[in-house]
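Everything below concerns the one structure shown next.
The values are calculated or read from the model by the stated rules, or taken from the named source; none is laboratory data. All figures in this text were calculated on a predicted structure; none of them were measured in a lab. Reconstructed Cβ throughout: ideal geometry from the backbone, glycine too, with neighbour counts over all protein chains shown. To get the accessible areas, we keep the full protein, side chains included, count just its heavy atoms, and leave off ligands, DNA and RNA. Shrake-Rupley method; radii C 1.70, N 1.55, O 1.52, S 1.80 Å.
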Amino acid sequence: MSEMARPLLINISMLFSVLFLWNMVMPFTRASSINLKEKIIYGVISSLMALLCMLFPLEKFGDTVFDLRVVPLILVTLYGGKLPGLICMITISVTRTWMGGENAWVGVLIAIVGFLIAIGFMNYFQRSIRKWKGIIFTGILFIISYIAIILIFLEPLKTYFYPIYFTSFAIAYFIIFYLTERLVLINIQLQETVYLEKLSVAGKMAAAIAHEIRNPLTTVKGLLQFISADTADTKVQNYAPLMLEEIERTNKIITDYLMLIKPSKSDCEQVDLNKIVRDTVALTEVLASYYAVKIQYDEKGEFHIWGNSQELKQCLINVIKNAIESIEGEGLIHVALQYGTKRGTVDIVIRDNGAGMSKEELEKIGLPFYTTKSKGTGLGTMITNRLIRNIGGRVNYTSLLGEGTTVTITLPTTKQ
Ligand code: ADP
Ligand code: MG
């Protein structure tokens, strides 16, 4: 009995050390946008974890081996998806077959069952906010299947074995998932802090510059008005209004920008989000049709939120404009309003089938002045982020290069 404690500890500490190293090299996030290369690396690392487990089995009866190899398999499938899971599953199966023995196929069967169960829960797990349910369901279903397979296909084992092995298995399983989940949360918080920090430095600088430009601009405007007031020069008469207009526009850009830097004190009220989205879609459809892009809006009932309708429209226009601009040739933008994954929230989902972004580009999005367009300002996403955060919301980007981008704006709803 106690002879199982040693290999168990070895197994768990091996799994932990690989997990931490892994997180150090490739910080875990909730990215639904793990690219192909990363998926393969995920598959290889989890295979390595499984192999390490197989090297130190908890128990051996004849040629039947009991260890924790399925824990990394389920872990990588739930977090990373089908491909890494498949790589890990194949590694386990091949190694187990190579190790030989007449019960090798049972080991292969257990790996396949573990993989399939994890695949079954994968979508639910990745979508839900509370990851615990997915983790517990997968774990319990797997352990039941595992016991059933042993009972059906193997010679009866000593009864004391079951509680000890499966308790150890369950403990390792939950600790690994708990740690992974903690690491993901810590990474997300860190990213958030870094983003806010960058935002605040760049924002302050820009605010200072904007302020400095405004003063001379006011002087120019005043002088221009003065000169053009009673002049006989037709050129001045003709062009002064145009110049004043341009100065006014510059001033407005600066004012808007300064407003963003300052914590906003805009008037909020209860607004019907459905109406706002509908209006904005109608508004942007004109621009879209110019680019041969279609916008499709799915209405799913009414949602009321606390916010400023003008600012909300501005945010949506920014996002939809980016979507339109990302599409070359014909394209489709899908806008949907739906219940958020967390209770009491609503998601505005804007999905395009445009150029998409690489992981590196995705990291830069939302930073002031980051743009890939020749006439871009790189302010749109930052303004959107800022305004949405002001009313307690969040903007989330997922994107795959060449496939398109999905922007999810999550907002807290109010009771009517
Ligand atoms: P701008 O539109 O002026 O470039 P934004 O802040 O609106 O500034 O966007 C910043 C950058 O983010 C864009 O230049 C583009 O590279 C990228 N981007 C934003 N939305 C999308 C999208 N839907 N698809 C692809 N790239 C996008
Ligand atoms: Mg833009």
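At a glance:
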read-out	value
Tabulated pairs, the range 383-397, first open to solvent by less than 30 Å² (accessible area, probe 1.4 Å), second within 13 Å of ligand 2 (Cβ to nearest atom) and among the small types (Gly, Ala, Ser), C-beta under 6 angstrom, 6+ apart or interchain	Asn385/Gly366
Residue within the range 406-416 that is within 9 Å of ligand 1 (Cβ to nearest atom), touching a Leu at 6+ places or on another chain (Cβ under 8 Å) and not in a helix (DSSP H, G or I) present	no
In the range 128-153, the residues that are open to solvent by less than 20 Å² (accessible area, probe 1.4 Å) and closer than 16 Å to Val106 by Cβ	Phe142, Tyr146, Ile149, Ile150
Matching option when the condition is buried (at least 16 other Cβ atoms within 10 Å of the Cβ), more than 31 Å from the chain's Cα centre (by Cα) and modelled with pLDDT of 90 or more, among Gly107, Gly85, Gly114	Gly107
Residue in the range 332-352 that is within 16 Å of ligand 2 (Cβ to nearest atom), touching a strand residue (DSSP E or B) at 6+ places or on another chain (Cβ under 6 Å) and open to solvent by 30 Å² or more (accessible area, probe 1.4 Å) present	no
The range 365-397, subset more than 9 Å from ligand 2 (Cβ to nearest atom) and of a type in the set (Ser, Thr, Tyr), residue nearest to Glu197 (Cα to Cα)	Tyr370
Test: residue in the range 331-352 that is part of a loop (DSSP other than H, G, I, E, B) and within 14 Å of ligand 1 (Cβ to nearest atom)	no
Sole residue being surrounded by fewer than 21 Cβ atoms within 10 Å (Cβ to Cβ), farther than 26 Å from Ala202 by Cβ, assigned by TED's automatic domain parsing to the domain that holds Val293 and not basic (Lys, Arg), chosen from Glu325, Glu403	Glu403
Among the candidates Gly402, Gly356, Gly378, residue that is without any contact (Cβ under 8 Å) to a residue 24 or more places away in the chain and either within 11 Å of ligand 1 (Cβ to nearest atom) or assigned to a strand (DSSP E or B) (or both)	Gly378
Among (1) charged (D, E, K, R); (2) at pLDDT below 95; (3) open to solvent by 60 Å² or more (accessible area, probe 1.4 Å); (4) away from ligand 2 (no atom under 13 Å from the Cβ) - the single one Glu311 does not satisfy	(3)
Among residues of the range 176-211, those that are within 16 Å of Tyr370 (Cβ to Cβ), in contact (Cβ under 8 Å) with a residue 40 or more places away in the chain and of a type in the set (A, V, I, L, M, F, W, C), counted	3
Residues being among the aromatic types (Phe, Trp, Tyr), modelled with pLDDT of 90 or more and surrounded by 12 or more Cβ atoms within 10 Å (Cβ to Cβ) - total across the range 195-252	1
Members of the range 140-173 found to be hydroxyl-bearing (Ser, Thr, Tyr) and not in a helix (DSSP H, G or I), listed by number	Thr159, Tyr160
